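These notes concern the structure reproduced below.
The values are calculated or read from the model by the stated rules, or taken from the named source; none is laboratory data. What you are looking at is a predicted structure, and each value in this text was computed from that prediction instead of being measured. Backbone-built Cβ (ideal geometry, glycine too); neighbour counts: all protein chains shown. Areas reflect the complete protein model, heavy atoms only, side chains present, ligands, DNA and RNA absent. Shrake-Rupley method; radii C 1.70, N 1.55, O 1.52, S 1.80 Å.
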Amino acid sequence: MENKFIFNVSKLAQAHKREKDRENVYTIFFNLLTFSVEKQLFVFSPFDVNGNILKDRDFHKSDLSELGKEVFIDLMFDWLSYTDNESGKIDRNNNVKMLEKYYNKIVKDLNISN
């Protein structure tokens, strides 16, 4: 099985100079990973015993469940595109209703019964 690298939250956060931007990366991925765990897209919990993201961990395709392998990458990119837009008064980083919307669309488009 191919074990492609997907992301590392710490490395993504370190790419930003401003503390606010680094914090946003953690918030964005915390919400994405929490939603993904609820939908059983991972084969393990991406959180430590205190509920924090496993920050120094490289995430690979092999970390995903069968459903996750079909859905997660598209979900992640939809979510990252959405949270990158800072216009308007919406707190996009915490608007997890959009994750549900994106997830449902992906599942529908892939004709996955869930």
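Computed values, structure above
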| quantity | calculated |
| --- | --- |
| The stretch 88-111 residues that are in contact (Cβ under 8 Å) with a residue 24 or more places away in the chain and surrounded by 16 or more Cβ atoms within 10 Å (Cβ to Cβ), paired with ones that are not polar (S, T, N, Q) and not in a helix (DSSP H, G or I) (beta carbon under 8 Å, 6 or more apart) | 103/39 |
| Complete set of residues in the stretch 9-42 that are out of contact with any helix residue (DSSP H, G or I) (no Cβ under 6 Å at 6 or more places or on another chain), part of a loop (DSSP other than H, G, I, E, B) and closer than 22 Å to residue 102 by Cα | 39, 40 |
| Residue satisfying condition, being out of contact with any strand residue (DSSP E or B) (no Cβ under 7 Å at 6 or more places or on another chain), open to solvent by less than 60 Å² (accessible area, probe 1.4 Å) and not small (Gly, Ala, Ser), within set 24, 50 | 24 |
| Residue match in the stretch 60-75 (condition: closer than 22 Å to residue 11 by Cβ, of a type in the set (Asp, Glu) and open to solvent by 40 Å² or more (accessible area, probe 1.4 Å)) | yes |
| Scan of the stretch 1-33 for residues that are under 18 Å from residue 56 (Cα atoms) and touching a residue at least 60 places away in the same chain (Cβ under 8 Å), ordered by number | 6, 7, 24, 27, 28, 31, 32 |
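One line per residue, one yes/no per condition, for (1) touching an Asp or Glu at 6+ places or on another chain (Cβ under 9 Å); (2) aliphatic (A, V, I, L, M):
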position: 13; (1), (2): yes, yes
position: 24; (1), (2): no, no
position: 33; (1), (2): no, yes
position: 36; (1), (2): no, no
